[in-house]
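*Asks:* My questions all concern the structure below.
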Amino acid sequence: MLKFAVIGIGRMGFRHAYNLHMHFIPGAKLVAVADIDEKVQEKAKKLGVKIYADYKQMIDEMDIDAVVVATPHYQHVEIAKYCVEKGIHTLVEKPISVTTKAAKELIDLSIKYPDVKVGVSFNQRSNKMYIKAHKLISSGKFGDVQRVNFTVTHWYRSQAYYNQGGWRATYVGEGGGCLINQCVHQIDAMLWIIGMPNKLTGTMRTIDRNITVENDVTAVLNYQDFDAVFTASTHEIKGTNKLEIACDKGKIVIGKYFMTIYKHKSQKEVNKTTSFGYGSAPSIKYYSSYGFFRGLKDLVVGQQARAIKAFVKDINGKGEQLASLQDGLNTMEIINGIYLSSWTGASVSLPIDDDSYEALLESKKQDELKRG
């Protein structure tokens, strides 16, 4: 039985701690938590484990096999590095970091500790529909990808939400707005299915909210033979969650709960053999879904439990975790790249210039502090 601790027990961290405490994660149990907030510590008493204000003290005093890091974003890498150096398996909540430079520091350190498992909690990789899309595209059965559109606008956030304050939705506290917070999972899922682009162009806006960061994002990711358009926002009352991947031999359309898959003759072949008219081919259409009972289970334990379950299996040599540190870095390349493109008004080649990004982010933080 692996002994787990959770560092940072706010909304998401408490979910992780609760799942471990209730033994929803086979082969793992909660032995301690750490958080600097006294109010949060008081809430954590119901978990019945030792509570620390200093995570380093917890790591040094307790017999711990693994930790989940669920603190504000800027702290992820610093805490993870300390845990890895102590030989503790470490699962970092998304995003892996705020900048690509910080993510690379953790990756470089982890290489020195090959026996320590380190990963990122991208629970959307356990989504059955994304798994199916990943397998279909990777198999080559659908031929070359020709177009991708991903629209994610179902995270409505009112001004009242932002008025609660805290570290969220600020450059100083979070490193950005909806792009680095809500979009992380979807960007990772998209990259997992179609791979990394060569360059990108991004634009961001703040619409109808008194905040210093974005709540509206559009990015065009340029691949060798196609483009992917990613659109996200947190200001639409009736939002959309839809990923559409058009290929030479078919199309995949994934909504929030259902997916439709179209299989047809190669359009290249149709184009070559059509001698009159527009040209067409019959299509086989079939469906899949997120899963009704899977959705019900999510209401109890959340999707997050699957990331820890996979992490436990990886530690025990019985499977692979959902996402590696490199996957976390890839996502930050896209997120930092979109910010960089929007701030400079120019396209950005990947990988980005780490130092240039950190300098521009620091200027955004300073402007935010001056604004008060």
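The numbers here are math on the coordinates, done by the rules we state, and not lab data. In this text, all values refer to a predicted model and were calculated from it rather than measured experimentally. So basically every Cβ, Gly included, is an ideal-geometry build from the backbone, and we count neighbours across all protein chains shown.
*Asks:* Just from the alpha-carbon atoms, what are the Rg and Dmax of the range 1-155 in angstroms?
*Replies:* Calculated on Cα positions, Rg and Dmax stand at 17.8, 55 Å.
*Asks:* Which of Val152, Val270 comes first, and how do the rest follow, when ranked by fewest Cβ neighbours within 10 Å? Please list the in-between numbers first.
*Replies:* Working: Val152 25, Val270 15.
Ascending Cβ contact count within 10 Å gives the list Val270, Val152.
*Asks:* Expected output is a single nm value to one decimal: the length gained when fully extending between Asp63 and Ser356, i.e. 0.36 nm times separation in residues minus the C-alpha distance. What is it? Don't skip to the answer; put the middle values down first.
*Replies:* Values: separation 293, 0.36 × 293 = 105.48 nm, distance 4.12 nm.
Here the segment from Asp63 to Ser356 would lengthen by 101.4 nm.
*Asks:* Apply the Kirkwood formula to the range 300-372: the hydrodynamic radius equals the inverse of the mean of 1/r over all pairs of different alpha-carbon atoms; give it in Å with one decimal.
*Replies:* Values: mean 1/r = 0.0663 Å⁻¹.
By the Kirkwood definition, the hydrodynamic radius is 15.1 Å.
*Asks:* So what are the ³J(HN,Hα) numbers for the range 89-99, from phi and the Karplus equation (6.51, -1.76, 1.60; θ = phi - 60°), rounded to whole Hz, Gly and Pro as x?
*Replies:* After applying 6.51 cos²θ - 1.76 cosθ + 1.60, I find 4, 10, 10, 9, 5, 5, x, 4, 6, 9, 10 Hz.
*Asks:* Output ³J(HN,Hα) for the range 40-54: one whole-Hz value per residue in order, computed from phi by the Karplus curve 6.51 cos²θ - 1.76 cosθ + 1.60 with θ = phi - 60°, and x for Gly and Pro.
*Replies:* 5, 4, 5, 5, 6, 4, 5, 7, x, 10, 5, 10, 10, 8, 10
*Asks:* Would you mind ranking His23, His89 so that the residue whose beta carbon has the fewest other beta carbons within 10 Å leads the list?
*Replies:* Values: His23 12, His89 24.
By the 10 Å Cβ count, ascending, the order reads His23, His89.
*Asks:* Among the lysines, which fall within straight-line cross-link reach of Lys364, defined as a Cα-Cα distance under 18 Å, with same-chain neighbours fewer than 8 residues apart omitted?
*Replies:* Within the straight-line cut-off, Lys364 pairs with Lys101.
*Asks:* Can you give the angle from 0 to 90° between the axis of helix 11-21 and the longest principal axis of the chain, with both taken from C-alpha atoms, to the nearest 10?
*Replies:* 70
*Asks:* Now a separate question. Using θ = phi - 60° and the Karplus form 6.51 cos²θ - 1.76 cosθ + 1.60, what ³J(HN,Hα) does each residue of the range 172-178 get, whole Hz, x for Gly and Pro?
*Replies:* Karplus-based 3J(HN,Hα) across the range 172-178 equals 5, x, 10, x, x, x, 5 Hz.
*Asks:* If you look at just the Cα atoms of the range 25-83, how large are its Rg and its Dmax in Å?
*Replies:* Cα-based Rg and Dmax for the range 25-83 come out at 11.6, 30 Å.
*Asks:* For Asp227, enumerate residues with amide H under 5 Å from its amide H, sequence gap 5+ or separate chain, H modeled in the peptide plane.
*Replies:* Close amide H contacts, sequence-distant or interchain: Val148.
*Asks:* Return the Rg/Rh value of the chain, two decimal places, where both radii are evaluated on C-alpha atoms and Rh is the Kirkwood radius.
*Replies:* Details: Rg = 21.7 Å, Rh = 21.9 Å.
Rounded to two decimals, Rg/Rh equals 0.99.
*Asks:* Now for a separate question. Just want to confirm a number: the relative contact order over the range 36-160, from Cα pairs under 8 angstrom separated by 6+ residues, in percent.
*Replies:* 17
*Asks:* Pairs to check: Lys135/Lys242; Lys46/Lys318; Lys45/Lys81; Lys117/Lys318; Lys39/Lys365. Give those whose C-alpha atoms are more than 24 Å from each other in this structure.
*Replies:* On the way: Lys135/Lys242 18 Å; Lys46/Lys318 32 Å; Lys45/Lys81 27 Å; Lys117/Lys318 13 Å; Lys39/Lys365 27 Å.
Those over the limit are Lys46/Lys318; Lys45/Lys81; Lys39/Lys365.
*Asks:* Another one. Would you compute, from DSSP H runs of 4+ residues alone, the mean residue ellipticity of the chain at 222 nm, taking -39500 (n - 2.57) per run and dividing by the full residue count, rounded to the nearest 500? Write out the running numbers ahead of the final one.
*Replies:* Working: 13 runs with 142 residues, N = 372.
Calculated mean residue ellipticity at 222 nm is -11500 deg cm²/dmol.
*Asks:* Can you find, among His235, Ile261, Ile207, the residue farthest towards the positive end of the dipole of the range 193-281? Put +1 on the C-beta of Lys and Arg, -1 on that of Asp and Glu.
*Replies:* Looking along the dipole axis, the top candidate is Ile261.
*Asks:* Further question on the same structure: Please state the charge dipole magnitude for the range 192-279, taken about the Cα centre, from unit charges on C-beta atoms (+1 on K and R, -1 on D and E), reported in debye and rounded to the nearest 20.
*Replies:* Working: 12 positive and 9 negative charges, 74 e Å.
Using only the charged Cβ atoms, the result is roughly 360 debye.
*Asks:* What is the distance in Å between the Cα centres of the range 112-151 and the range 1-80?
*Replies:* Answer, in whole Å: 28.
*Asks:* Another question, if that's okay. Given Ala80, Val348, Leu30, which one lies farthest toward the positive end of the charge dipole of the chain, if we put +1 on the Cβ of every Lys and Arg and -1 on the Cβ of every Asp and Glu?
*Replies:* The Cα lying farthest towards the positive end belongs to Leu30.
*Asks:* In terms of modelled amide H atoms, which long-range or inter-chain residues lie less than 5 Å from the amide H of Ser121?
*Replies:* Val92, Glu93, Lys94
*Asks:* I've got another one for you. Please list, in chain and number order, the residues 5+ apart from Cys247 or on another chain whose amide H is under 5 Å from its amide H, with Hs placed from the backbone.
*Replies:* Gln146, Ile252
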